[in-house]
Amino acid sequence: MALPLMADILERLTSWHADWSGLRVAVLGLGVTGFAAADTLAELGADVLVVASTPDEERAKLLPVIGARLVQPSDTEIPPELVDHRPEVLIASPGYHPDHALLLWAASNGISVWGDIELAWRLRDKVGTPAEWILVTGTNGKTTTVQLTASMLAAAGHRVAPCGNIGVPVLDAIRDPEGWDALVVELSSYQLHHLPTRGPGALMPWASVCLNVADDHLDWHGSAAAYRAAKATVYANTHTACVYNKADAATRIMVENADVQEGARAIGFDLGVPGPSDFGIVDGILCDRAFLAERQQQALEITTLADLAAAGLDAPHIVANILAASALARSFDVSPADIRTALADFSLDAHRIEIITVVDDVRWVDDSKATNPHAADASLRAFDSVVWLVGGLLKGVDIDDLVASHVPRLRAAVIIGVDRSALRAAFARHAPELPVIEIDTTDSALVMPDAVSAAASFARAGDVVLLAPASASMDQFASYSERGRLFAQAVRNHLGGEAGDESARD
């Protein structure tokens, strides 16, 4: 009798209760995602080898405990231990570029490559009836929209877990012994890159949204077209609602071209008046004209801009996120009343349009999470007169249009980070009269004190001093959160006692 081909074996591995024992697996990376993959597969009885050049020390200590092994090659080395392992499938952590030597080696040897999301989808039935998946991607606003959607479902009494790129691996969520009604999954373009759209590993989500698309991570994907193609994968096989941004034609085109399940509806959102099957705003009221029988003539009230302003949720891009989340929640039959309950209790994450303090009618705002030009654009549009702290790692993205479009609202600019030359040139080209100061220190402990001091010298009553870097943080900081924390600390130190009692949120 002929033995089954490996492709046939992998095709049948679509359940937690399938036979995974002895499957030889290599896991690339030992961050949060890599460890979750190794832990899951070891629990299933697979033979797991983790390959990580710079593994997390604590997780590395746990590998022998869970029954996995570790090899630490250089970034470009194909370790002999991996070759000897003869993996039948390779799980790639999101940070590995498509042209990484290990992925090229896998391709040349005919080894199947999965991401953690595909693995989690195959294993989603560990606890009773699998949860429905609601997928969220976009260049910006993913985490906020995931949190909003999950809070809305929870307000309606559903057991729901926000997970994925938000920080909780989907593999951890599907192993929760209590189970879930729904998972709201944040997906990065890296994770989407590895997702198949057909076959046993293809996701079939309840609902999906791409919030917006702007050039980002081009150094990883290689081109804007490849980046957008990865984002478009989010809509594949959706069976209830494909939510898209009417203000971003690229997302509409993605939905039009998506191969979805019969009966899936396209639901648009933007800040304008909604048409039938849309979410939008009429006279300051956020409305649903999609999930009601009389949508040709009527609309359901979700909330009002006044109520959102009272909760600090009225920045235009946050309102757009709320509309998108409401559409996803309404597709799951969450009532407008439950959505209002969720919004009343919702607060934005730290470093997302976070008011540090207001002193002498100058607002100091931390939007360190604006790590690309698209996010910074949305942040700047929320304010009329800005002293702008900008800069970091640009990741190959053009900054020129962002600078040009916001010159009228700028009081001054303070440039930080290593990629200062492109910003310097853009300001010289589009705003030669604008005061611009560069912070050229290489000491990360001094960057923010120097930047805050410079910004304070320009700020006037009515201004906003805004940290919206439009860049990644890893040139001078461990993360965008450290960048924001050090900014807030520098603001409080610079303003002294004046800042103490007016801080909006520590």
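The values are calculated or read from the model by the stated rules, or taken from the named source; none is laboratory data. Quick caveat, the model's predicted, so the values are computed rather than measured. Glycine also receives a Cβ, built like all others from the backbone with ideal geometry; neighbour counts cover every protein chain displayed. With ligands, DNA and RNA removed, areas are computed over all heavy atoms of the protein, side chains included. Shrake-Rupley method; radii C 1.70, N 1.55, O 1.52, S 1.80 Å.
List of remarks:
- Only one entry of Thr143, Thr137, Thr149 meets the criterion of being out of contact with any helix residue (DSSP H, G or I) (no Cβ under 9 Å at 6 or more places or on another chain), touching a residue at least 40 places away in the same chain (Cβ under 8 Å), in the same structural domain as Ala327 (by the TED database) and farther than 21 Å from Trp16 by Cα, and that entry is Thr143.
- Listed conditions (1) under 28 Å from the mean Cα position of the chain (by Cα); (2) over 13 Å from Val27 (Cβ atoms) are all met by Pro73, apart from (1).
- Among residues of the stretch 119-129, those that are in contact with a Phe, Trp or Tyr (Cβ under 7 Å, 6 or more places away or on another chain) and in a helix (DSSP H, G or I), counted: 0
- Within the stretch 247-271, considering residues that are assigned to a loop (DSSP other than H, G, I, E, B) and closer than 20 Å to Ile339 by Cβ, the one most open to solvent (accessible area, probe 1.4 Å): Leu271
- Of all residues making up the stretch 363-395, the number that are within 16 Å of Ile318 (Cα to Cα) and open to solvent by less than 10 Å² (accessible area, probe 1.4 Å): 9
- Residues located in the stretch 335-347, provided they are touching a strand residue (DSSP E or B) at 6+ places or on another chain (Cβ under 7 Å) and open to solvent by less than 30 Å² (accessible area, probe 1.4 Å): Pro336, Ile339, Leu343
- All helices (runs of 4 or more DSSP H) inside the stretch 291-395 with 1 or more residues being over 30 Å from Ala490 (Cα atoms): 305-310, 316-331, 336-344
- Candidate set: the stretch 272-291, residues that are surrounded by fewer than 21 Cβ atoms within 10 Å (Cβ to Cβ) and closer than 24 Å to Asn237 by Cα; chosen: the one nearest to the chain's Cα centre (by Cα): Ser277
- Meets criteria (touching a residue at least 12 places away in the same chain (Cβ under 8 Å) and aliphatic (A, V, I, L, M)) for Ala120: yes
- Filter pass, Ala241 being surrounded by fewer than 21 Cβ atoms within 10 Å (Cβ to Cβ) and at negative phi: no
- Single residue of Ala68, Ala60 found to be open to solvent by less than 40 Å² (accessible area, probe 1.4 Å) and either under 21 Å from Trp105 (Cα atoms) or out of contact with any helix residue (DSSP H, G or I) (no Cβ under 6 Å at 6 or more places or on another chain) (or both): Ala60
- Filter result for the condition that a residue is among the aliphatic types (A, V, I, L, M), free of Cβ contacts under 8 Å to residues at least 12 places away in the same chain and under 29 Å from Leu313 (Cα atoms), over Ala451, Ala459, Ala478, Ala472: Ala478
- Any hit, the stretch 77-94, residues being under 24 Å from Thr371 (Cα atoms) and open to solvent by 10 Å² or more (accessible area, probe 1.4 Å): yes
- Pair list, Cβ under 9 Å, 6 or more apart: the stretch 191-206 residue at positive phi, other residue open to solvent by 40 Å² or more (accessible area, probe 1.4 Å): Gly199/Glu11
- As a summary of the residue check, Ile356 satisfies the conditions (1) open to solvent by 40 Å² or more (accessible area, probe 1.4 Å); (2) over 18 Å from the mean Cα position of the chain (by Cα) except for the one numbered (1).
- Within the stretch 38-62, residues that are assigned by the TED database to the domain that holds Gln72 and at pLDDT 95 or above sit with their Cβ atoms under 6 Å from residues that are outside any strand (DSSP E or B) and open to solvent by 60 Å² or more (accessible area, probe 1.4 Å), at 6+ positions apart or across chains, in these pairs: Gly45/Ser21.
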